[in-house]
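The next block holds one structure in the form of structure tokens; read it before the comments.
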Amino acid sequence: MKKKITLKQIARELEVSISTVSKALKNSREISKDTTEKIQAFAKLYHYKPNNIALSLKSRRTKNIGVIIPDIVHHFFTTVFRGIEQFADTKGYNVIACVSDESFEKEVINMELLANGSIDGFIMALSAETQLKNDFHHLKETIDQGMPLVLFDRVTDEVICDKVVINDFEAAYMAVKKLIDDGRKRIALVTTESYLNVSEKRAQGYYQALKDHNLELDKSLILRLPYQFEDEIMSETFFATTNLDAVLCVNEIFAVRSMRIAQRNGLRIPEDVAFIGFTDGILSKLATPALTSVAQHGERMGEIAARMLIEKIERDDEKELEEETFRTEVIEATLIERESTIN
């Protein structure tokens, strides 16, 4: 059986543009009869089958960008979207947003829906379930069919595309070092399941900071919570029974909820226990006490992601046959100190 081939591979093999291949497969009158027959014969020989994700190509520029975010609860994702929308607007692009609600199935459906002639490219962060399944076929198909894709924050090495992230490992290390420099010795970590790549990198930074400062890793100080956490029993038990004097939380919601539970258990913040969280959103500023946070600069991340995508969309057709290059932009996180660590 012949190996299946992608739209991009057909273009490369026959030394034509992806747009030409797409038009020929649709019997467009813009393409000569000889070229159409050659492309269709080649496609048939290698069992090429188009899918919905292949339908929105540069030859049918829509000036729309598709954005898929995992949820709208976390303030970080709304700031990224704002950065995307503001930059896209300056370039004359519209933004169509979808929410995967941490679901693999919804993520796939959203991609197929948007790519059905509606958009020119995608910007997205992976859903929790996609990372749990470790299934990225829909992303790889998107790229193979010539659709530009930029991943942000939640990314994977399994997909070769442009990406925008923060220095999660170093940011967590910086936060833990700050707590250690303040004299904290029993530093807890409130995190998610390890399959979420962002949380795991932050956990690795936590581990390394303890090691470099000669503090033993105590697994009883690590609380792993389901990402979409509702039941507070695990946290209640943790803060009621664990000897700790500081906490690093991998997101803002975990941090604010943990502070409330700690206070309910009679702990004073920051006198008895200090807290640092990630995101630096509205909850961090309005919490009591205000939360020291690792700022992820979501708007900047969104702006960079939009710039990278639009650059890819607006490439000249003659460049399509060149070997594509991809890059990962790393944004430096910063620590915003507030009352939860300042005595």
Practice prompt. Any chance you could count how many residues in the stretch 96-113 are buried (at least 17 other Cβ atoms within 10 Å of the Cβ) and β-branched (Val, Ile, Thr)?
Written response: 2
Discussion item. Six or more apart or on different chains, Cβ atoms under 8 Å: show the pairs whose first residue is in the stretch 31-44 and under 11 Å from residue 7 (Cα atoms) and whose second is assigned to a helix (DSSP H, G or I) and hydroxyl-bearing (Ser, Thr, Tyr).
Written reply: 39/20
Discussion item. Tally up the residues in the stretch 102-118 that are touching a strand residue (DSSP E or B) at 6+ places or on another chain (Cβ under 8 Å) and within 13 Å of residue 145 (Cβ to Cβ), please.
Written reply: 2
Response to the item:
Residue pairs qualifying under the 7 Å Cβ cut-off, at least six apart or on distinct chains, with the first in the stretch 56-70 being on the phi > 0 side of the Ramachandran plot and the second being modelled with pLDDT of 75 or more and small (Gly, Ala, Ser), are 63/92
Worksheet item: Among all residue pairs at least 6 apart or on different chains, which show Cβ distances below 6 Å where the first residue, located in the stretch 246-275, is farther than 25 Å from residue 204 by Cα and the second is surrounded by fewer than 19 Cβ atoms within 10 Å (Cβ to Cβ) and not basic (Lys, Arg)?
Response: 261/236; 265/240; 269/289
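Could you tell me whether any residue of the stretch 301-317 is among the basic types (Lys, Arg), farther than 30 Å from residue 145 by Cβ and surrounded by fewer than 23 Cβ atoms within 10 Å (Cβ to Cβ)? Don't jump to the end; show me each part of the working.
Pass one, the stretch 301-317, residues among the basic types (Lys, Arg): 307, 312, 315.
Still in the running and farther than 30 Å from residue 145 by Cβ: none.
Checked the stretch 301-317: no residue is among the basic types (Lys, Arg), farther than 30 Å from residue 145 by Cβ and surrounded by fewer than 23 Cβ atoms within 10 Å (Cβ to Cβ).
Pick from the stretch 143-162 the residues that are outside any loop (DSSP other than H, G, I, E, B) and within 27 Å of residue 21 (Cβ to Cβ): which of them is modelled with the lowest pLDDT? Break it down into steps so the answer makes sense when it comes.
Quick first cut of the stretch 143-162, residues outside any loop (DSSP other than H, G, I, E, B) only: 143-144, 149-152, 162.
Okay, now just the ones that are also within 27 Å of residue 21 (Cβ to Cβ), so 143-144, 149-151, 162.
Details: 143: 88, 144: 84, 149: 97, 150: 98, 151: 98, 162: 97.
The residue in question is 144.
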Discussion item. Would you confirm whether or not the stretch 91-102 contains a residue that is within 22 Å of residue 278 (Cα to Cα) and part of a helix (DSSP H, G or I)?
Written reply: no
Worksheet item: Any idea which residue in the stretch 17-30 is nearest to residue 117 (Cα to Cα), counting only those that are without any contact (Cβ under 8 Å) to a residue 40 or more places away in the chain and in a loop (DSSP other than H, G, I, E, B)?
Response: 26
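The values are calculated or read from the model by the stated rules, or taken from the named source; none is laboratory data. Just so it is clear, the structure is predicted and the values come from calculations on it, not from any experiment. All Cβ positions, even for glycine, are placed from backbone atoms using ideal geometry, and neighbour counts span all protein chains on display.
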